[in-house]
1. Give the shape of the stretch 143-231 as rounded, prolate or oblate, defined through the alpha-carbon gyration tensor: a ≥ b ≥ c are the square roots of its eigenvalues, a/c under 1.5 means rounded, and otherwise the shape is prolate if a/b is larger than b/c and oblate if not.
2. At each listed q (0.16, 0.25 Å⁻¹), what is the log10 of I(q)/I(0) that the Debye formula gives for the stretch 315-385 modelled as equal alpha-carbon point scatterers?
3. Just the number please: accessible area per residue for the chain, 1.4 Å probe, all protein chains included, in Å².
4. I'm spelling it out carefully: the read-out is Cα Rg over 2.2 N^0.38 Å, the candidates are (i) 1.00; (ii) 1.11; (iii) 0.94, and one was derived from this structure. Which label?
5. Would you mind telling me the share, in percent, of accessible area of the chain contributed by carbon and sulfur at probe 1.4 angstrom?
6. When each pair of different Cα atoms in the stretch 19-127 is counted once in the 1/r mean, what is the Kirkwood radius in angstroms, to one decimal?
7. Go ahead and collect, in residue order, the members of the stretch 123-162 whose backbone nitrogen is under 11 Å from a label point 7 Å along the Cα-Cβ direction of Ala503.
8. Cross-link candidates for Lys16: which lysines have Cα within less than 25 Å, leaving aside residues fewer than 8 places away along the same chain?
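The values are calculated or read from the model by the stated rules, or taken from the named source; none is laboratory data. Quick caveat, the model's predicted, so the values are computed rather than measured. Positions of Cβ are backbone-derived with ideal geometry, glycine not excepted, and every protein chain shown enters the neighbour counts. Only protein heavy atoms, including side chains, enter the accessible area calculation; ligands, DNA and RNA are left aside. Shrake-Rupley method; radii C 1.70, N 1.55, O 1.52, S 1.80 Å.
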Amino acid sequence: MQIDNAGQLTRFEFGKGAVSCADDGTVIRVSHPDHGAMSFLLDETPDGDFHQPPFRWGKGFLITDAGSHRWDQPDDLKVNPAGIDATYRLGALELAVQRRFGTTWSERYRLTNASPAAVTVGTLAISTPFRDVYRGSAESLSGACHAHIWTGGADSYVWAVRMDGQGPGLGLRLTDGELWSYSVESRSIATSSNVRGHLYLQLTDTRAPHAMGGQSPMVVEPGASVELAWELDWYDSRADFTRTRAIELTSVAATLPGPIRATVHDAELTLPAGMRATTADNGDVALHADTTGVHYVHAERAGRRSRVAVLMHRPLRDIVERRAAFVLENQRAVERQQDRAAAFLPYDTGSGLRLNEGGWGDWSDGRERLGMPRLLQEARRRGWGEPDRIDGALKAYAEFLRTQLIDTDGRVRGGSFSTGSQRLYNYSWAAAFLIAQYELYADPADLALAIRIVDRYYESGGAHFLAIGMSECVAALARLADDTVAERMRAHAVEQAGHILAAGRELPQHEVSYEQSMVAPLLMALLTADRLAPDEWYAAAVAERLPWLLAFAGDQPHPRLRHVSIRHWDGFWFGGRRLWGDTFPHYWTVLDAAVFAAIPEHRDTATAILRANLVDFTDDGAASCAFIYPSCVNGRPAHIADPVANDQDWALVYAMTLGLLD
């Protein structure tokens, strides 16, 4: 233990690293020599615009029928060479916190009822402010971490890994008690898309009683206590961190009725209605279900409870045909004047109304909405759905695209009413539609316009930008067009790869300073350049950058989480609830699947990602553009599907084009 001269900071050894505690006894910094100056926690200096002392590690809040409290400054505090003991008096309850440091770092939270009456606890939340922020690619890769959270009762854990995937990572595993949810604070237009927020691990959270399989109140009798304890340590990799849990799932999603195979370790299973299990000779369990959707399986081992979740989904063709019928019936702008009536619009599944942009570009009749006609194209290519109806819709949409979304010079607008600045993302989606249209109906004009759009993209500086799907368009045009165009496409691919190699870790900022949907297109650009103009440098560059993409996702036993990259802003921009917070899964995680599908040893992960994204499509053909996973965000109940069907159909487009679910 070391104390600074002013007595304001106490430093403890923690394995090969160190933990620094403030004068209020809370942890404010966690470091390891292999990571230089990086802290795994938010810092009150560079992150001080939103990270302030009330959100420090180990502080939190309590909601009970006897009153609600936040704990901050301890009523009693003792610091000794082994660690810290703090006590907080919270009305009828008393919270004792014990921190110990050494080879590992352990914490215990004991909540005791000191009153003569029972107290019902609805929420008990502990702040764990991992530095999950995006301050630009280079700073993010070396100075921030992804925090992969699993609150599944006794088997809860957090895996925090530096954003470039370099170890050691910081692993937190629960050793006593149960955690059933997590919530997010400090998300708003002020923190916007580059901050994940303050993460709170929770004993329970009845503000959202439905969340994560159910949140139950905890009754603390007079004189009784409730305890939570966890241990943190350094691990070279996620595989090193893995512990034997009550239920181990080989996969978390399957086509109805299953099976999904599981290994149960000395635990008693409880299945929800509509599920059944059979046991194989080796003791493994096969889980089956009678209905689609997410099903929670509970287990009890040594008096402690855990749960996992699995998804049973319809066959891909069934999902696509139901969704295509819904889109044709509900999401075409048929009420508009003829030249705009073929557009596809977001749709509010609650009110039954199509939504107009009104200056909110993420609700325009262009941009990401091209996922709907692309869905219809891929369905038509396979003979799925109603061919005549799809043909008519695509013919009309192609005319709308030509006349309302594309200028004569190849510039792509964000919407038919948009006259604003150029958005390079829009180019690849328009080009992809025209390429697929040419492949379906063989009109040379579609191919020519796609070529013009791609050329315009690169003339506009696109080689310095990581547009989603552009590399796939370049590869398709190199295959479909004449030799002159094919050579130009190869030149575009090589130019973009050259900029990527030269940039190293200093990637240009996009709409989010650093995100998964920059890294996946980056890798796809390198893979495409290597395919069109092979060079040993490309393979080496892919190998160096692939850990960046892998680091975005964890291995939690839930179909919304396993292998699904962290995204936490899309519900606000694209949804109707305008709710920030972890969006699991977001459909652009299928970009990871496209990369992994091209790398043989990662094809199973690609398949799992595609299956995960089927969870946001309902049996009636409706969909949600964003599922906000935390139990609450800024105190607002979450763990809910946004009612707007908007741009999620890209998940089905990739599921069809990659062909891994057929």
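1. Values: a/c = 2.55, a/b = 1.45, b/c = 1.76.
Because a/c hits 1.5 or more and a/b fails to exceed b/c, the stretch 143-231 counts as oblate.
2. -0.58, -1.17
3. Values: 23810 Å² over 662 residues.
In whole numbers, the chain has 36 Å² accessible per residue.
4. Read-out taken from this structure: (i).
5. On the way: 11660 of 23810 Å².
Answer for the chain is 49 percent, counting heavy atoms of protein chains only.
6. On the way: mean 1/r = 0.0660 Å⁻¹.
Radius from the Kirkwood sum: 15.2 Å.
7. The answer is 137-138.
8. Cα-Cα hits under 25 Å: Lys78.
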